[in-house]
């Protein structure tokens, strides 16, 4: 068996380099290209610079004629260079964060429906793959997900409870709505106390006219009560709000 040399002479730059610096070429006797990778890369960069439009046009034409083959080529290339591609993308994003964000925002302002439509088509074509990836990624990074979730809840107190109430409003088909900001403003206006017992316990949203009796979820039908008073009121229609204070409150938001 013939032992291949550990070095090779580059026909382009004339330097003698390690065989690892040469690309593989199955049709040649030694299985390597005659020019080193550095020279090949320099040649390709120069050609892209001088013939960029022509090269891109040919690539688009090939992709249009052979969509399946093009997807397979892209898939193999991504799998082969996945780590280096991700590293380059992260480095580029870190260096050009604001410029990239502004480019994305500008594209969205020009055509808001385009990214949503692209995402929808991609998700429909890869829904099962995306679902499996999300499950796998969650189980591999469960502590980090839990930590991020707790941090988000600390930054957005009351949001989950608000979303649960909104879900219940939709279920009973009640009308009206109020925001978290309106709820917090009402609590502050009434002194952050329960309007039934006057305690400073954590406040909960109570509907003066219960949703089950046709009440609205509008802020005009909301009063802050502690959890025990909210439970004691149950499904009765009782308004604990002072009329004058309530009138002044609505005067500030009208």
Worksheet item: Which value at 222 nm does the chain reach when only helices count, each DSSP H run of 4 or more adding -39,500 (n - 2.57), with the total divided by all residues and rounded to the nearest 500 deg cm²/dmol?
Response: -20000 deg cm²/dmol
Worksheet item: Please state the Cα pair-distance histogram of region 10-80 with 10 angstrom bins from zero: what percent is in each bin?
Response: 17, 30, 39, 13, 1
Discussion item. Compute the helix-to-body angle for 180-189: its Cα long axis versus the longest principal axis of the chain, expressed 0 to 90° and rounded to tens.
Written reply: 40
Practice prompt. Measure nothing but the geometry: give the 0 to 90° angle between the long axis through the Cα atoms of 37-65 and the longest principal axis through the Cα atoms of the chain, rounded to 10°.
Written response: 60
Worksheet item: What number, in nm² with one decimal, is the all-direction average of the projected area of the convex hull of the alpha-carbon atoms of region 1-149?
Response: 15.7
Fill in: Equivalent ellipsoid, region 159-253 (semi-axes from 5 times Cα gyration tensor eigenvalues, Å)
19, 15, 13
Discussion item. Taking the number of other C-beta atoms within 10 Å as the exposure measure, put 240, 108 in order starting with the fewest.
Written reply: 108, 240
Discussion item. If packing is taken as the average count of other Cβ atoms within 10 Å, what order do 172-180, 189-197, 152-160 fall into, highest mean first?
Written reply: 189-197, 172-180, 152-160
Worksheet, complete the sentence: Rounded to whole angstrom, the alpha-carbon centroid of region 6-81 lies from that of region 178-254 at a distance of 70
Discussion item. Starting from 0.36 nm per residue, how many nanometres of slack lie between residue 111 and residue 160 once their C-alpha separation is accounted for?
Written reply: 14.5 nm
Worksheet item: So what is the relative contact order of region 10-80, in percent, for Cα pairs below 8 Å that sit 6 or more residues apart?
Response: 20
Fill in: Dimensionless Rg/Rh of region 88-129 - Kirkwood Rh, Rg from C-alpha atoms
1.12
Practice prompt. Could you calculate, for region 89-218, the ratio of the Cα radius of gyration to the Kirkwood radius, expressed as Rg to Rh?
Written response: 1.09
Discussion item. Defining a contact as two alpha carbons under 8 Å apart and six or more residues distant in sequence, what relative contact order in percent does the chain show?
Written reply: 8
Worksheet item: Cα convex hull of the chain: how many Å³ per residue?
Response: 267
Worksheet, complete the sentence: With region 161-203 reduced to its Cα atoms and the Debye formula applied, log10 I(q)/I(0) at q = 0.24, 0.29 1/Å amounts to -0.88, -0.97
Worksheet item: In degrees between 0 and 90, to the nearest 10, how far off the longest principal axis of the chain does helix 113-140 point, with axes built from Cα atoms?
Response: 90
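Values quoted throughout were computed directly from the atomic coordinates according to the rules given, and no laboratory measurement underlies them. All values derive from a computational prediction rather than experimental measurement. Methodologically, a virtual Cβ is constructed for each residue, glycine included, from the backbone with ideal geometry; neighbour enumeration extends over all protein chains shown.
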